[in-house]
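Okay, so here's the structure we're looking at.
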Amino acid sequence: MENFWSGKQLLVVGLVWPEPGSSAAGSRMIQLIRWFLSQGMQVRFACAAGKSDYSFDLPSIGVQEEVIRLNDDSFDVQLTVWNPDVVLFDRFMIEEQYGWRVAQSCPDALRILDTEDLHFLRYARQDCYKKGIDFSEEFLYTDRAKREIASIYRSDATLIISEYEMNLLTTRFKVDAAMLFYLPFLEEEITTSVQLQWPSFEERRDFLFIGNFIHEPNWNTVQVLKTRIWPELRKNLPGVKLHIYGAYASEKVMQLHQPKEGFLVHGRAEEVRDVFLPSRILLAPIQFGAGVKGKFVDAMKMGTPCVTTSVGAEGMKGDLPWNGYIADTDADFIERATHLYSDKGDWEQATWHGIQILNQRYASELVAGEFLEWITDRFVNLQGNRQLNFTGQMLLHHSLQSTKYMSLWIQAKNS
């Protein structure tokens, strides 16, 4: 089985050019690409978005880059030339945009959807938060949910990063579990030699938050820290500072920089390890969101304990203890953060819990074999699996016809 994929062609259609230094989504995409490359596949990455100075150098790892255009039949011609065996869509919006073209031009290609997180879950929580009402799953039945779950049905295989989201799809929305695969972040095991390189409790100081500011949950978290958490926490720990890092910090973000208050906004972190290793604790009072938070995986990889909320830690630890504390009220959050910052024994135990979570749940060798077996089955039994997923075939026939003709109308209008 290990040689089955050797020489086969993978086309990744990206929402954006991946920036692993800017977001967890970028890191996730590079992990996926590296995994497919490790199977001997030839990988091509196509994207209609513009590049930034921080876009990953894909050719450096042997990936061919392709620029494509939205709502343009030149993509159909490109598909015919490339003739991929597998097409990976980066989030459901990309499947909506290009899925019908792939199905039309490459009917025998395995179509994989990488959700990153369930967008309809994240937005439902965000809407409830902004309206000041408690979230419940009854608020999930939105047009965005219909779009995203339809995209899952139209795809031959879907990758889910959170166990909570797997359960949500299979129990509440009755999606066939055979179509889904729980694929968390793929990390290297934390060995004893790695642990010995970490700074000790005494060598670390201050608090840290990090997150891409284009992502609304991160911007909201910084506002919560500034207005609700830090003023009280600082009283408990005079002289301690909170360092805020994140890509794409706007002027409104930078205006929160208040050195006299110990609230320091630095903007982009060029190297994640350079901000995690000197810090004693990651603070993340996340109020809404979905998926699995890359910042916590990074913290565990650097031996940095975390204080967060139930939403922040969701789907990450299984039955294991959290690497720090989970607190859902401001008062509890402040108390837990104060204690963890001050108690060396508690801090060291939290660090050990992080090692256990990462090694037992995110070490790549734990899921790589099962994922290879599953994705191979989806490919080998493609037509039979599609017949079992008749709902997906109906959606492909009907709803994608409307998407197709809307796209063709836009194309004609632009010509």
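Each reported figure results from applying straightforward, stated rules to the coordinates on display, with no laboratory input. On a predicted model such as this, the values are computed, not experimentally measured, just so you know. Positions of Cβ are backbone-derived with ideal geometry, glycine not excepted, and every protein chain shown enters the neighbour counts.
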Which of the aspartates and glutamates could a cross-linker span from Lys413 if the Cα-Cα distance has to be under 15 Å and same-chain partners fewer than 8 positions apart are dropped?
Asp72, Asp73
Ordered by packing density, taken as the mean number of other Cβ atoms within 10 Å over each peptide's residues, highest first, how do 294-300, 210-216 rank?
294-300, 210-216
Roughly how many nanometres apart are two label points built 7 Å out from the Cα toward the Cβ at Asn71 and Glu216?
2.4
Which GluC sites (Glu not before Pro) from region 180-249 combine a DSSP loop assignment with at most 12 other Cβ atoms within 10 Å?
Glu202, Glu203
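When the helices in the chain are scored as -39500 (n - 2.57) per DSSP H run of 4 or longer and the sum is shared across all residues, what 222 nm value do you end up with, to the nearest 500 deg cm²/dmol?
One gets -13500 deg cm²/dmol as the mean residue ellipticity at 222 nm.
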Taking the Cα centre of each part, how many Å lie between region 175-214 and region 110-167?
23
Sequence-distant or interchain residues sharing an amide H contact under 5 Å with Leu118, placed H: which?
Gly291
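So if each residue of separation counts as 0.36 nm, and I subtract the Cα-Cα distance between Glu138 and Gln197, what length gain in nm does that give?
Contour length minus the Cα-Cα distance gives 16.5 nm.
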Using the basic label-point model (7 angstrom from Cα toward the beta carbon), what is the Arg147 to Ser310 distance in nanometres?
2.9
In sequence order, calculated HN-Hα J values of region 272-282 (Karplus, 6.51, -1.76, 1.60; Hz; x Gly/Pro)
4, 5, 6, 9, 7, 4, x, 8, 8, 8, 8
Using the Karplus curve 6.51 cos²θ - 1.76 cosθ + 1.60 with θ = phi - 60°, what ³J(HN,Hα) values do you get for each residue of region 13-21, in whole Hz, with x for Gly and Pro?
9, x, 5, 9, 6, x, 10, x, x
Can you list residues from other chains, or at least 5 along the same chain, whose modelled amide H is less than 5 Å from the amide H of Glu65?
Phe45
Which of the trypsin sites (Lys or Arg not before Pro) across region 27-118 are loop residues per DSSP, with 15 or fewer other Cβ within 10 Å?
Lys51, Arg69
Measuring from a point 7 Å past the Cα of Cys128 along Cα-to-C-beta, which residues in region 191-232 have an amide N at less than 19 Å?
216-218, 220-221
Residues in region 57-92 near a label at Leu37, defined as backbone nitrogen under 12 Å from the 7 Å Cα→Cβ point?
57-65
Taking 0.36 nm per residue of separation and subtracting the Cα-Cα distance, what length does fully extending Glu232 through Thr376 add?
46.5 nm
Along Cα→Cβ, 7 Å out, is where each label goes; now give me the distance between the ones at Met394 and Thr80 in nm to one decimal.
3.3
Listed candidates (1) 344; (2) 149; (3) 168 - label of the one calculated as volume of the Cα convex hull per residue in Å³
(2)
Do any of Lys51/Lys174; Lys130/Lys293; Lys174/Lys301; Lys130/Lys344; Lys146/Lys226 go past 32 Å between their Cα atoms, and which?
Lys51/Lys174; Lys174/Lys301; Lys130/Lys344; Lys146/Lys226
Within region 79-158, which chymotrypsin sites (Phe, Trp or Tyr not before Pro) sit in a loop by DSSP and count at most 14 neighbouring Cβ atoms inside 10 Å?
Tyr141
Karplus-derived HN-Hα couplings along region 239-250 (A = 6.51, B = -1.76, C = 1.60, θ = phi - 60°), whole Hz, x at Gly and Pro:
x, 7, 10, 10, 9, 10, 10, x, 6, 6, 6, 7
Please give the length that would be gained between Leu320 and Arg172 if that part of the chain were fully extended, namely 0.36 nm times their separation in residues minus their C-alpha to C-alpha distance (nm, one decimal).
50.8 nm
